[in-house]
Amino acid sequence: MTRIVRVAAAQQGPNLETDSREVIVTRLLDMMKQAKSKGADLVVYTETALTTFFPRFYAEDRAEMDLWFEREMPNDATRPLFDYAADNKIGFSLGFAELTPDGHHFNTQILVDKDGKTVGKYRKVHLPGHVELEPERRFQHLEKRYFEPGNLGFPVWRTMGGVMGMCICNDRRWPETYRVMGLQGVELVMLGYNTPSWNGLGGPDTPELRHHHSRLSMQAGAYQNATWVVGVAKAGEEAPGYHLMGGSCIINPDGQVVAEAQTEDDEVIVHDCDLDACAFLKNSTFNFDAHRRTEHYGLITERTGAVPPPE
Ligand code: CDV
């Protein structure tokens with residue numbers, strides 16, 4: 001018997017600064033309906049799916065940015081997603097900016113089951129960018145100004161027939177992200193990203209190189225932890241000179257891309273993710289109990305002189 005979860009990755013075209021939550025949720029709901037019509041069990045949306053990627057804006061008074069944050073979830077604007085999910089038995093994962101009742105700001109992604117119930121919450125740990133205005137940049141990336149690092153770790157959830165995990169955008173570049181979930185037996189990692197096609201600082205980056213780094217990170221994370229990875233982008237020009245690279249994809253536990261978006265618009269891609277396909281590598285090459293030798297890693301650092309040898 002195989003455990004197939006039919007996963008839909010719901011890439012998003014640009015969210016403009018002037019787009020209301022209601023307008024954006026209408027697009028998200030339309031993609032959920034498309035996913036349902038394709039028989040999907042679960043639809044994965046991107047990072048800050050409900051708004052434009054506002055960390056490109058600078059406000060001296062950070063409270064001016066609170067309009068981009070959700071104070072509760074669901075709320076009036078997003079309730080149609082939860083209602084449709086419950087009525088039609090489809091789960092989803094959604095990224096948004098979260099403002100907690102006690103005034104904390106996080107870059108958050110939730111997991112909602114097929115009954116429309118929130119079963120998991122993740123808050124972005126690796127916040128890229130800077131705190132202060134840096135006028136020399138082509139555009140600002142002020143995540144460090146507007147968000148606090150996530151305080152929930154990288155948990156996994158046993159739901160919808162598998163072991164599910166989440167991370168957000170820059171987290172995908174860090175091996176620890178996948179490994180912490182891999183050590184808990186993760187079988188499907190869902191992540192959203194807003195990655196500009198160019199580095200804000202200039203430098204040798206090209207869009208092609210940025211696509212390469214994104215795929216390289218997600219494919220390695222998938223393979224080295226024997227897990228499915230679903231990477232869902234925002235794509236296209238959110239503002240003049242601010243182009244998001246897109247490239248949503250679904251990656252199998254061998255690290256192979258098995259489905260990918262073809263456009264820079266709202267686009268739903270679907271794949272049957274066989275969670276049992278994780279077992280072979282989890283029980284062989286990446287059987288952590290059998291082969292992972294943490295007790296020897298210290299010797300390697302000692303040899304390189306990175307830390308003084310123990311007394
Ligand atoms: N939203 C992000 O985390 N974006 C970063 C960019 C700034 C490099 C990313 O890692 O894609």
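The values are calculated or read from the model by the stated rules, or taken from the named source; none is laboratory data. None of these values were measured; they are calculated from a predicted model. Here Cβ is always computed from backbone atoms with ideal geometry, including for glycine, and neighbour counts include all displayed protein chains. Ligands, DNA and RNA are excluded from the accessible area calculation, which covers all protein heavy atoms including side chains. Shrake-Rupley method; radii C 1.70, N 1.55, O 1.52, S 1.80 Å.
Starting from residues that are part of a helix (DSSP H, G or I) and among the small types (Gly, Ala, Ser), keep the ones in the stretch 174-220 and report whichever is surrounded by the most Cβ atoms within 10 Å (Cβ to Cβ).
To start, the set of residues in the stretch 174-220 that are part of a helix (DSSP H, G or I) comprises 175-182, 207-220.
Then drop every residue that is not among the small types (Gly, Ala, Ser), which leaves 182, 214, 217, 220.
Values: 182: 27, 214: 21, 217: 20, 220: 17.
The qualifying residue surrounded by the most Cβ atoms within 10 Å (Cβ to Cβ) is 182.
Being open to solvent by 30 Å² or more (accessible area, probe 1.4 Å) and more than 22 Å from residue 132 (Cα to Cα) narrows it down to one residue among 87, 61; which is it?
Numbers: 61 fails: more than 22 Å from residue 132 (Cα to Cα).
Exactly one of 87, 61 is open to solvent by 30 Å² or more (accessible area, probe 1.4 Å) and more than 22 Å from residue 132 (Cα to Cα), namely 87.
Does the stretch 145-158 contain at least one residue that is within 12 Å of the ligand (Cβ to nearest atom) and either at negative phi or among the basic types (Lys, Arg) (or both)? Give the derivation first.
Of all residues in the stretch 145-158, those within 12 Å of the ligand (Cβ to nearest atom) come to 146-147.
With either at negative phi or among the basic types (Lys, Arg) (or both) added as a condition, the list becomes 146-147.
For the stretch 145-158, residues within 12 Å of the ligand (Cβ to nearest atom) and either at negative phi or among the basic types (Lys, Arg) (or both): present.
Could you check the stretch 123-139 and list, in sequence order, the residues that are of a type in the set (Val, Ile, Thr) and either closer than 20 Å to residue 60 by Cβ or away from the ligand (no atom under 14 Å from the Cβ) (or both)?
Taking the stretch 123-139 and keeping what is of a type in the set (Val, Ile, Thr), we get 125, 131.
Of everything in the stretch 123-139, just one residue is of a type in the set (Val, Ile, Thr) and either closer than 20 Å to residue 60 by Cβ or away from the ligand (no atom under 14 Å from the Cβ) (or both), namely 131.
So which of 181, 164, 190 is under 26 Å from residue 284 (Cβ atoms), within 16 Å of the ligand (Cβ to nearest atom), in contact (Cβ under 8 Å) with a residue 12 or more places away in the chain and among the hydrophobic types (A, V, I, L, M, F, W, C)? Quick ask: steps written out before the conclusion?
Numbers: 181 fails: within 16 Å of the ligand (Cβ to nearest atom); 164 fails: within 16 Å of the ligand (Cβ to nearest atom).
Only one candidate qualifies: 190.
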